[in-house]
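Worksheet: the structure to be examined is printed underneath.
The values are calculated or read from the model by the stated rules, or taken from the named source; none is laboratory data. Remember, predicted model here, so these are calculated numbers, not experimental data. Here the Cβ positions follow ideal geometry from the backbone for every residue, glycine too, while neighbour counts run over all protein chains shown. We work out accessible area using only protein heavy atoms, side chains counted, and drop any ligands, DNA or RNA first. Shrake-Rupley method; radii C 1.70, N 1.55, O 1.52, S 1.80 Å.
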Amino acid sequence: MIAFPGTWGYYKYYNCESRGERRMLQEFIAKAIWFLKIYYVENQLLVQFLLLFVITYMLLMYWLNPRLSPVLRKVLAIFCLLVELAGIAYFTLGFREIGTSHRYELEMFWSYKEWIFGGNVELGMEVINNIALFFPLGFLLNDALKKASFWKVLMLSMFLSVAVESTQLVYKIGLFELDDIFNNTVGAMAGWCLFHILRSPVRNQCRMPKKRRRYAQARL
């Protein structure tokens, strides 16, 4: 058997590198699970509200969509939109205490820096909260409005976020942050994308003739 020079050294180096990568991946997964557990414990009410609200809405508006009349769908969408707006007002303004000064932070992505590089877990939870809270708004606007384009949802969600942040600044009940506006808008646009992903198969099912629909269901 011929042994090439440096083969064993390369093999040991490669194995060490692979073990190091696996160890880093395991540590990352462990930290992610630890973070999610803490996040759920600290934000149980918000998580339960979003899960219940989103799952119920998806069930009524998409899985039962062929059985709902357009008028009932419109009324239900507007009602759910009002519930979402009430939830946003409660979680962003309702439980905050009045401070002594107007506080603001105009540096973009400062919360991400403190979370990722500074290890500030509380700011990480706040980032996720701001994204998750506006997530239902993205697809609710599509159902409540006849035509909600990308730019319309973007501008409406940004306007609502600016209104919330400005209220916090004026009444000294929070910190005005550009990061919050960015996170809220990202959450709403993620909901808008989910709406369009789910709408295509539902719309095709509704437009399908009854005979073909029965045949498709029989095949499933």
Exercise. How much length, in nm to one decimal, is gained on full extension between Trp34 and Cys193, taken as 0.36 nm per residue of separation minus their Cα-Cα distance?
Worked result: 54.4 nm
Exercise. How much of the accessible area of the stretch 90-163, in percent, comes from carbon and sulfur atoms when a 1.4 Å probe is used?
Worked result: 65 percent
Seminar exercise, completed: Which residues qualify? For Glu177, with a placed amide H closer than 5 Å and at least 5 residues away or on another chain, they are Glu105
For this session: Taking only protein heavy atoms into account and a 1.4 Å probe, give the accessible area per residue of the stretch 92-159 in Å².
Result: 63 Å²
For this session: Read phi for every residue in the stretch 24-31 and hand back ³J(HN,Hα) as whole Hz from Karplus 6.51 cos²θ - 1.76 cosθ + 1.60, θ = phi - 60°, with x for Gly and Pro.
Result: 5, 5, 5, 5, 5, 5, 4, 5
Seminar exercise, completed: Here, trypsin sites (Lys or Arg not before Pro) of the stretch 122-162 satisfying both criteria (DSSP loop; at most 15 other Cβ within 10 Å) are Lys146, Lys147
